[in-house]
1. Mind telling me which of the residues A:GLU175, A:GLU158 ends up being farther than 19 Å from A:ILE59 by Cβ, away from chain B (no Cβ under 11 Å) and surrounded by fewer than 23 Cβ atoms within 10 Å (Cβ to Cβ)?
2. The conditions are (1) without any contact (Cβ under 8 Å) to a residue 60 or more places away in the chain; (2) more than 8 Å from chain B (Cβ to nearest Cβ), and A:ALA122 fails exactly one of them. Which is it?
3. Suppose the filter is surrounded by 17 or more Cβ atoms within 10 Å (Cβ to Cβ) and within 9 Å of another protein chain (Cβ to nearest Cβ); does A:ILE191 pass it?
4. Of the conditions (1) modelled with pLDDT under 95; (2) at positive phi, A:ASN183 clears all except one; give me its number.
5. I'm checking my understanding of the structure. Among residues of the range A:46-56 that are part of a loop (DSSP other than H, G, I, E, B) and touching a helix residue (DSSP H, G or I) at 6+ places or on another chain (Cβ under 8 Å), which one is nearest to A:SER176 (Cα to Cα)?
6. Quick one: in the range B:4-42, of everything that is modelled with pLDDT of 95 or more and of a type in the set (Lys, Arg), which residue is farthest from B:ILE125 (Cα to Cα)?
Amino acid sequence: MGLFTELKDSISRVTDKLFSAQEPKRIGIYGPPNAGKTTLANRIARDWTGDAVGPESHIPHETRRARRKENVEIERNGKKVTIDIVDTPGVTTKVDYEEFLDHDMEKEDAVRRSREATEGVAEAMHWLREDVDGVIYVLDSSTDPFTQVNTMLIGIIESQDLPVLILANKTDLEESSVQRIRNAFPQHETIPLSALEGDNMDEVYAKIAEYFG
Amino acid sequence: MPEVKEDGPNDGGGGVQIDLIGADRMANMAGMEKIRMILDGVRDGNIVILEKGLSPDEESKLIEVTMTEISPDEFNGIEIETYPRSETSDQSFLDRLMGKESSAKLTVIGPANQIETLHKDENLISALVSRK
């Protein structure tokens, strides 16, 4: 094989890798604490791979490290997308260890948990700037979406020109209002779901295939 | 903002210091300088008001740096409020292309344990500020 042929082959391999449709997209699951991000990540991972991503809890900041589930293949309406799901800690601008004391935690554990939570949020922000190809933004539809953190995060995502899908989670709760989320972020499509109950996951998967495929 | 202080850091002796920072002053600062100035002020117990807020990228770094500085019983983080970004932004395509973030708006930042937002809508931010 001549030098020219070898060079041509290696360029071809590089371009194939660069433009390959099979290369998984890294999709970050973002949102405020307790929106149900891990419940959603586990639901997606279980439905398409059989494995979970991480433990779920009603205590804020249960997820304190970004966790990745690789090569999740989602197929809907003839569209197939392979994604790496990155479940991130809930984003906030403040963490007070005393809040954890309300959840029957000793001070030492609460301080450790808050320290891990702050590291996790910092890490999640870094991922958002550097390492994700798209975002699933999860909101608890039973709470007011019009918070500073949500406004800032959506602004940050928009400024990076990342595709974003807004999910109005916890529609199983009586106080849920999907319209309130639609009103808060009218520039984006909002999909209702209950990740816990598995309600409307078909539409969620169809939108994931459409947005990130 | 040490140059505007007369009585030293806001240690609870004389009320709450408010720093209103003009857009021109911010325009000459690098992103990390802005973040450092904000966090230094907030950690002294001051309320920092930016005439023109931060870009999304700077906001992202502000959250990240804030998280690295949180320390139990000392600093719990920040409370930050801006007016909502306008739907009909006057930002031109060229501005976006050049990376200019014209949607930034007045921003209020304070220590999380001293400032509480009472009401917020598209043209009013009402906050309760307490001493340390």
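The values are calculated or read from the model by the stated rules, or taken from the named source; none is laboratory data. What you see is a predicted model; the values in this text were computed from it and never measured. When we count neighbours, we look across all protein chains shown, and the Cβ atoms used for this are built from the backbone with ideal geometry, even at glycine.
1. None of the others qualify; the one that does is A:GLU175.
2. (2)
3. no
4. Among (1) modelled with pLDDT under 95; (2) at positive phi, the lone unmet condition for A:ASN183 is (2).
5. A:GLU56
6. Taking the candidates together, the pick is B:ARG36.
Let's see how each residue does on (1) buried (at least 17 other Cβ atoms within 10 Å of the Cβ); (2) closer than 13 Å to A:PRO32 by Cα; (3) within 12 Å of another protein chain (Cβ to nearest Cβ):
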{"position": "A:HIS126", "(1), (2), (3)": "no, no, yes"}
{"position": "A:ARG129", "(1), (2), (3)": "no, no, yes"}
{"position": "A:VAL135", "(1), (2), (3)": "yes, no, no"}
{"position": "A:LEU165", "(1), (2), (3)": "yes, no, no"}
{"position": "A:THR171", "(1), (2), (3)": "yes, no, no"}
{"position": "A:ALA184", "(1), (2), (3)": "yes, no, yes"}
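Residue by residue, here is whether (1) of a type in the set (Lys, Arg); (2) touching a helix residue (DSSP H, G or I) at 6+ places or on another chain (Cβ under 7 Å); (3) within 24 Å of B:GLU64 (Cα to Cα) holds:
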{"residue": "A:PRO24", "(1), (2), (3)": "no, no, no"}
{"residue": "A:GLY31", "(1), (2), (3)": "no, yes, yes"}
{"residue": "A:LEU40", "(1), (2), (3)": "no, no, no"}
{"residue": "A:ILE44", "(1), (2), (3)": "no, no, no"}
{"residue": "A:ARG67", "(1), (2), (3)": "yes, no, yes"}
{"residue": "A:VAL72", "(1), (2), (3)": "no, yes, no"}
{"residue": "A:ILE83", "(1), (2), (3)": "no, yes, no"}
{"residue": "A:VAL121", "(1), (2), (3)": "no, yes, yes"}
{"residue": "A:ALA124", "(1), (2), (3)": "no, no, yes"}
